[in-house]
Structures are given as C-alpha cells and as structure tokens.
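Accompanying notes for the structure given below.
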Amino acid sequence: MLRRVKELFGGAESADIQEIRPDEIPNLLTSHEKMWEDELRGSTADSRKKILEIRDQLILAVQNLSASERETAFHPKLEKIAKNSLPQFEKAILVALNRQLPEDADAFYQACTESLKGCVKGLAGPGRYLRNVLPEEMKDIRVLVDEFGKEINTLTPRVAEWRKKKEAVRILRETHSQTREMEMALDELSRDIPSLEIEIADFNFALNKCKNEKETCETALAEDQIFQDEKREVVRSEHELLEVEREAHAVFSTLTHVLRKAEKITHRPDTERLAKELNQVISMIGPGEAPVGEEVLQKVTSVLPVISSMIRSEEIQLKNQEERSLFSAPDEIPGTLSGLVRKRAQALEKMRLIKSQMTAHPAIIRLAEIDEDLKSLEAGIMEKEKRYRELEQKRQEILGEIPARYTRMEQQISLALGKSMRISVPISR
C-alpha cells in the first residue's frame, strides 16, 4: 500500500541524494552523534583549557584575600565590614569554583555557567562591601570573573548548535520508533484481519446451516397431520378459555358494580364495619382476571344476604338488565360464580395439556434448540463484524499516516545531517 516516499525537494532525482533504508537510521544517527560529540570536544578544547586556568587563578586570588597586607589601617567600620563580609565572599566564590567540571563538553559548559552564576552572585552580595576595603584585589577578581564569562560565551554558540543537533536526533529517534511501532501494528493487523474474515465466514456458514435445518423442521411439522391437529386443538382451547374468561369477567364486573353501590350506602357510623368488608370483597374480585379460590367465593357468599336485603328495601337500585338478571335469584349467585371458576380452571388445564403435548414433539424441541443456536451465531457474527470494522479502520488510519511520517523523517534527517536524504520504503505491505 505504501509507495516510495517522494523526493524531499521534488523534481528529478538528484545524484547527491543519499538513500537509506529505515533500519539503517538508528546506526546512522548514532555515528553522526558520535562525530558531533568529537567535533564539539575538539572545538571547545582551547576554551576548556583557558577556563580551567582562569578558575585556578580565581581560586588562588580569593584564597589570598585573607593574607593580603595593608600598609595603612582601615577605619573601624571598614575593619568590621572586612571581618564580616570576607568569609562570606570567600565561601560563596570557592563553593562556586570548586564545582565538579565533567569531561563531557555539554555537561562541562552547564557546570561552568552554574559556577559563573555563583561568582557573579558572590560579587554582587558580600563582594560589593569588600570593594572599599580591598579595591585592587577585588578589581583583579572581577577581571578574572569577566574573563571566565567571556570564555563561557565563546562556548555558548557551539554548545547551542550541538544541543540543537542532539534534540533533532532525539526527535528523529522518537519518530522512527513510533513509525516502527505503527508498522509492527500494521503487520499484526495484516494477520488478524484475514483470520477474522475466516471466523466470520465460518459463523455465516454455521448460521445458514441452522437456517436450512430450521426450514426442514418447519416443513416436517407442516406435513405432520397429528401435529397440525394438535395445533388446531390449541387454537380451539384458547378460544374456549377466552369465552369463559369473558363470561366470568362480565359476571364479576356486574357483581362488583352492585357491591360498590352497597359500599357507598354503608359508609355510616353504624355500618362502617360492613363497608370495610364490602371494600375487601371488591378488592378481591375486580378489576382484573376472574378470581379463583374458595376464600374469595366464601367472602362473596357472606355479603350476598345483605346485598339482597338492600335490593329488596330499594336502597340499591338495579339499573340494567345484567344486574337484574344476576340478582333475580341471589341464592344461585355462589353456584354461578363457583361454576365459572371451575370452567375457567378446566379450560386452562385443557389448554396446558395440549400445549404440553405439542412442545414435547421432537421437531419442536429441535426448533427451540436451533433458535438458541441462531441467536448465539447472530450475536457472534455481530461482535466479530464490529471488531473487523474497528481493525480495518485502524489499518486504514495507519496506512494513511506512515507515508507522512517517512516524509517528515526525510525532512528531519536531511536538516540534521545537512544533506539531502531519501528513505527507501517498501512499495506495498
């Protein structure tokens, strides 16, 4: 996919362009770095020698301050200044000058600048009080410090150039390392993506196989007369159950409506207990499915005499045909309710048995297993396809970035080495 990186300056290929392979870059940088170090060491040798000589002269001059003889006595204030400031000055200068000066040219320069800062600080601090006490000696010391600084200034552009090259090499190594990591990731993706494609193909093959088996099972069931009879029987049993539940719902709904009328009437201090009992019965029988169980029927039966009495006394007015029909024979209501509950239970049991027979059919059992397999396979395919898209996107991103990185490395290495360089990159991966 990668194409040979275009020449740094474009146009026709120049004869003086040096071509290197990516794996040659680290050794090339190391060799030039060593060469630059040697050049820096050689170009700073004279200044290093002068700096060491000036440092020794400074140390000797500072050490001689205490031994200096004065021909005339100082004013008492000057004597006091000398007594207090001289030790401080000597300590500040000698600590600065006795700093270890490494052999490495860059480290030597850094140590020298720190020494110079210490000397300047010493002159500006306790040294300024000694200028009136020991003017000649302090003048000589200042001259030596100035010479020390001038020699360091001589080193500054050379060290700056070395540091610039060193930073360029660091950036190049970092870019090269990152690019190699990207290429390794690309190689890994080039292995993972085809493997993932094979896995997806295997999953799809298994999925199609399951679908074909499902169709075979469904065809077998469609041709199985016994199963089809059972299927139709299930439909009839569901219809019967629905009819029973509709009938039960209508009866219990009518009964609930009448009970609510009674509850409203009994909300009086002398019948509050009855109101609570009626409320409890209403909660048990509606709304919702037709209630089941002897407890519910007993509760309904216990309040029916009171309801019948209130109807006869016309405290409760029956407004529609359903209510009048239900309470035309109040004594028969418990039996009616019990019959509905029983019919519903029978219809439920009948439907359960028929469905149980159907679900026990081998083809139905296998279909359920196939459906689970299909769900698992579809989920697996979805997950692997998502992973495939992620890997392919990552691969395309890397393929798009690597050429730009090599172009950038060519520019960086050409600038660092001071000559046109071209990195030969494989045409494709």
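The values are calculated or read from the model by the stated rules, or taken from the named source; none is laboratory data. Model, not experiment: these values are computed from the prediction. Virtual Cβ from ideal backbone geometry, glycine too; neighbours counted across all protein chains shown.
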### Query
Could we say that GLU240 is touching a residue at least 60 places away in the same chain (Cβ under 8 Å), under 30 Å from SER302 (Cα atoms), of a type in the set (D, E, K, R) and in contact with a helix residue (DSSP H, G or I) (Cβ under 9 Å, 6 or more places away or on another chain) here?
no
### Task
Given the conditions (1) modelled with pLDDT under 85; (2) assigned to a helix (DSSP H, G or I), report the number of the one that GLU90 does not fulfil.
(1)
### Summary
All-but-one check, LEU348 against (1) closer than 30 Å to ILE285 by Cβ; (2) exposed (fewer than 13 other Cβ atoms within 10 Å of the Cβ); (3) under 54 Å from the mean Cα position of the chain (by Cα), failing number (2)
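So that you can scan it fast, the table gives a plain yes or no per residue for (1) exposed (fewer than 13 other Cβ atoms within 10 Å of the Cβ); (2) assigned by TED's automatic domain parsing to the domain that holds ARG246; (3) charged (D, E, K, R):
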residue	(1), (2), (3)
PHE327	no, yes, no
GLY335	yes, yes, no
SER338	no, yes, no
ALA368	yes, no, no
### Query
For GLU322, which of the numbered conditions (1) in the same structural domain as ILE265 (by TED's automatic domain parsing); (2) surrounded by fewer than 16 Cβ atoms within 10 Å (Cβ to Cβ) fails to hold?
(2)
### Task
Keeping to region 283-307, report how many residues are modelled with pLDDT of 80 or more and farther than 16 Å from THR336 by Cα.
2
### Message
Any residue that is surrounded by fewer than 12 Cβ atoms within 10 Å (Cβ to Cβ), more than 60 Å from the chain's Cα centre (by Cα) and under 17 Å from SER253 (Cβ atoms) - is there at least one of those in region 300-319?
### Response
yes
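A quick yes/no check of all residues on (1) over 27 Å from MET138 (Cβ atoms); (2) at pLDDT 90 or above; (3) surrounded by 18 or more Cβ atoms within 10 Å (Cβ to Cβ):
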position: LEU29; (1), (2), (3): yes, no, yes
position: LYS34; (1), (2), (3): yes, no, no
position: GLU39; (1), (2), (3): yes, no, no
position: ASP46; (1), (2), (3): yes, yes, no
position: LYS49; (1), (2), (3): no, yes, no
position: LEU52; (1), (2), (3): no, yes, no
position: LEU58; (1), (2), (3): no, yes, yes
position: LEU65; (1), (2), (3): no, no, yes
position: GLU69; (1), (2), (3): no, no, no
### Query
If you go through region 199-211 one residue at a time, do you hit one that is aliphatic (A, V, I, L, M), at pLDDT 90 or above, assigned to a helix (DSSP H, G or I) and under 31 Å from the mean Cα position of the chain (by Cα)?
yes
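Yes or no, residue by residue, for (1) among the polar types (S, T, N, Q); (2) assigned to a helix (DSSP H, G or I); (3) touching a His at 6+ places or on another chain (Cβ under 9 Å):
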position: ILE370; (1), (2), (3): no, yes, no
position: ASP373; (1), (2), (3): no, yes, no
position: SER376; (1), (2), (3): yes, yes, no
position: ALA379; (1), (2), (3): no, yes, no
position: ARG387; (1), (2), (3): no, yes, no
position: GLN396; (1), (2), (3): yes, yes, no
position: PRO403; (1), (2), (3): no, yes, no
position: ARG422; (1), (2), (3): no, no, no
### Query
Tell me, which helices (runs of 4 or more DSSP H) lie completely within region 289-366 with 1 or more residues that are closer than 30 Å to GLN228 by Cβ?
333-359
### Message
Quick check on region 386-409. Is at least one of its residues buried (at least 17 other Cβ atoms within 10 Å of the Cβ) and either in contact with a Phe, Trp or Tyr (Cβ under 7 Å, 6 or more places away or on another chain) or acidic (Asp, Glu) (or both)?
### Response
no
